[in-house]
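Visitor: Here you go, one structure.
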Amino acid sequence: MPVDWISYSYAGVVTVSGIIGYMRRGSLMSLITGLLFGSLAGYGAYQTSNDPQNVRISLITAGVLTVAMGMRYQKSGRLIPAGLVAGFSLLMILRLVIMMF
């Protein structure tokens with residue numbers, strides 16, 4: 001059973017971006033959402049590692065983050081972390097759709 005390192009790395013990026021948001025600006029909401037969505041992405045990575053066709057949790061998580069962080073990037077214009085997470089999330093969606101087929 002191969003490990004889905006790309007999905008685990010994505011979960012790490014999401015988690016670390018929430019921690020950085022907390023450390024930089026003291027945003028408790030960044031910390032909470034980073035840990036929540038990082039955990040969901042990690043669980044999705046675990047599922048795709050066991051069954052590459054089981055992408056539902058990963059796809060929903062990446063979709064929500066693409067929309068939310070994309071809107072945040074559009075509003076703030078800051079590439080880090082909103083643009084970075086939105087871009088990685090969009091790439092994850094494309095990867096997961098390809099994995100389904």
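Visitor: Looking at region 25-50 only, could you name the residues that are part of a helix (DSSP H, G or I) and farther than 22 Å from LEU96 by Cβ?
Guide: Start the filter on region 25-50 by keeping residues that are part of a helix (DSSP H, G or I), which leaves 25, 28-50.
Selection gives ARG25, LEU28, MET29, SER30, LEU31, ILE32.
Visitor: Oh, and also: For region 52-101, name all the residues that are polar (S, T, N, Q) and surrounded by 13 or more Cβ atoms within 10 Å (Cβ to Cβ). Break it down stepwise before answering.
Guide: Kept after step one, since they are polar (S, T, N, Q), are these residues of region 52-101: 53-54, 58, 61, 66, 74, 76, 89.
The answer is ASN54, SER58, THR61, THR66, SER89.
For (1) assigned to a helix (DSSP H, G or I); (2) touching a Ser or Thr at 6+ places or on another chain (Cβ under 6 Å); (3) without any contact (Cβ under 8 Å) to a residue 24 or more places away in the chain; (4) β-branched (Val, Ile, Thr), each residue gets a yes or a no:
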position	(1), (2), (3), (4)
SER17	yes, no, no, no
PRO52	no, no, no, no
MET69	yes, no, yes, no
GLN74	yes, no, yes, no
LEU84	yes, no, no, no
MET92	yes, no, no, no
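Visitor: Of everything in region 34-51 that's aromatic (Phe, Trp, Tyr) and surrounded by fewer than 21 Cβ atoms within 10 Å (Cβ to Cβ), which residue is farthest from THR66 (Cα to Cα)?
Guide: Here is the first cut: in region 34-51, the residues aromatic (Phe, Trp, Tyr) are 37, 43, 46.
Narrowing the set further to residues that are surrounded by fewer than 21 Cβ atoms within 10 Å (Cβ to Cβ) leaves 43, 46.
Details: TYR43: 18, TYR46: 21 Å.
The selected residue is TYR46.
Visitor: Restricting to region 39-89, name every residue that is hydroxyl-bearing (Ser, Thr, Tyr), under 18 Å from TYR22 (Cα atoms) and at pLDDT 95 or above. Talk me through it step by step, then tell me what you get.
Guide: Of region 39-89, the ones hydroxyl-bearing (Ser, Thr, Tyr) are 39, 43, 46, 48-49, 58, 61, 66, 73, 76, 89.
From the residues that got through so far, the ones that are under 18 Å from TYR22 (Cα atoms) too are 39, 73, 76.
If the condition is that a residue be hydroxyl-bearing (Ser, Thr, Tyr), under 18 Å from TYR22 (Cα atoms) and at pLDDT 95 or above, then SER39 is the only one that fits.
Visitor: While we're looking at this one, here's another question. Out of (1) in contact with a helix residue (DSSP H, G or I) (Cβ under 7 Å, 6 or more places away or on another chain); (2) under 17 Å from LEU94 (Cβ atoms); (3) among the polar types (S, T, N, Q); (4) surrounded by fewer than 17 Cβ atoms within 10 Å (Cβ to Cβ), the odd one out for SER7 is which?
Guide: Tallying (1) in contact with a helix residue (DSSP H, G or I) (Cβ under 7 Å, 6 or more places away or on another chain); (2) under 17 Å from LEU94 (Cβ atoms); (3) among the polar types (S, T, N, Q); (4) surrounded by fewer than 17 Cβ atoms within 10 Å (Cβ to Cβ), SER7 fails exactly one: (4).
Visitor: Sticking with this one: For region 10-33, which positions are touching a Pro at 6+ places or on another chain (Cβ under 7 Å) and crowded, with 19+ Cβ neighbours inside 10 Å? Break it down into steps so the answer makes sense when it comes.
Guide: Kept after step one, since they are touching a Pro at 6+ places or on another chain (Cβ under 7 Å), are these residues of region 10-33: 17, 20-21.
Passing the criteria: SER17, GLY21.
Visitor: Here is a follow-up. Tally up the residues in region 13-32 that are over 13 Å from ARG78 (Cβ atoms) and touching a Leu at 6+ places or on another chain (Cβ under 9 Å), please.
Guide: 7
The values are calculated or read from the model by the stated rules, or taken from the named source; none is laboratory data. Every value quoted in this text rests on a predicted model; they were computed, and no experiment measured them. All Cβ positions, glycine included, derive from the backbone under ideal geometry; neighbour counts span all protein chains shown.
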